[in-house]
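The values are calculated or read from the model by the stated rules, or taken from the named source; none is laboratory data. What you see is a predicted model, and the numbers here were worked out from it, not measured in a lab. Glycine also receives a Cβ, built like all others from the backbone with ideal geometry; neighbour counts cover every protein chain displayed. These accessible areas exclude ligands, DNA and RNA; they are computed on the full protein's heavy atoms, side chains included. Shrake-Rupley method; radii C 1.70, N 1.55, O 1.52, S 1.80 Å.
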Amino acid sequence: VKVSVDHDICAGFGLCNDALPEVFELDDLGFSVPRGDGSVPAQLEAGAAEAIAACPTHAIFSERDPAPS
Ligand code: SF4
């Protein structure tokens, strides 16, 4: 799973960073930015799903990794 954050929607509450700092960091203005390319390690996928559900503005999106070909 990869996560992305829509900066037009993120209000910078930082809940995702509080919940899952391994996946989300905050930029200088306090808005969330996925670390690296947004890939979520398998062991953190459940936490990422919770962070997505907990975001007050529903600014976090996830996409499944493409199936290996
Ligand atoms: S929880 Fe949502 S609104 Fe808050 S910083 Fe994360 S993406 Fe932005």
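The set of residues in region 30-51 being in contact with a helix residue (DSSP H, G or I) (Cβ under 8 Å, 6 or more places away or on another chain), in a helix (DSSP H, G or I) and of a type in the set (A, V, I, L, M) consists of Ala51 alone. In region 1-16, of all residues being in a strand (DSSP E or B) and more than 8 Å from the ligand (Cβ to nearest atom), the one that is surrounded by the most Cβ atoms within 10 Å (Cβ to Cβ) corresponds to Val3. As a summary of the residue check, Ala19 satisfies the conditions (1) open to solvent by 80 Å² or more (accessible area, probe 1.4 Å); (2) of a type in the set (A, V, I, L, M, F, W, C); (3) more than 9 Å from the chain's Cα centre (by Cα) except for the one numbered (1). Note on region 22-67: residues that are open to solvent by 20 Å² or more (accessible area, probe 1.4 Å) and within 15 Å of Lys2 (Cβ to Cβ) amount to 21. Looking only at region 34-66, which residues are among the hydrophobic types (A, V, I, L, M, F, W, C) and more than 9 Å from the ligand (Cβ to nearest atom)? Across region 34-66, the qualifying residues are Val40, Ala42, Leu44, Ala46, Ala48, Ala49, Ala53, Phe61.
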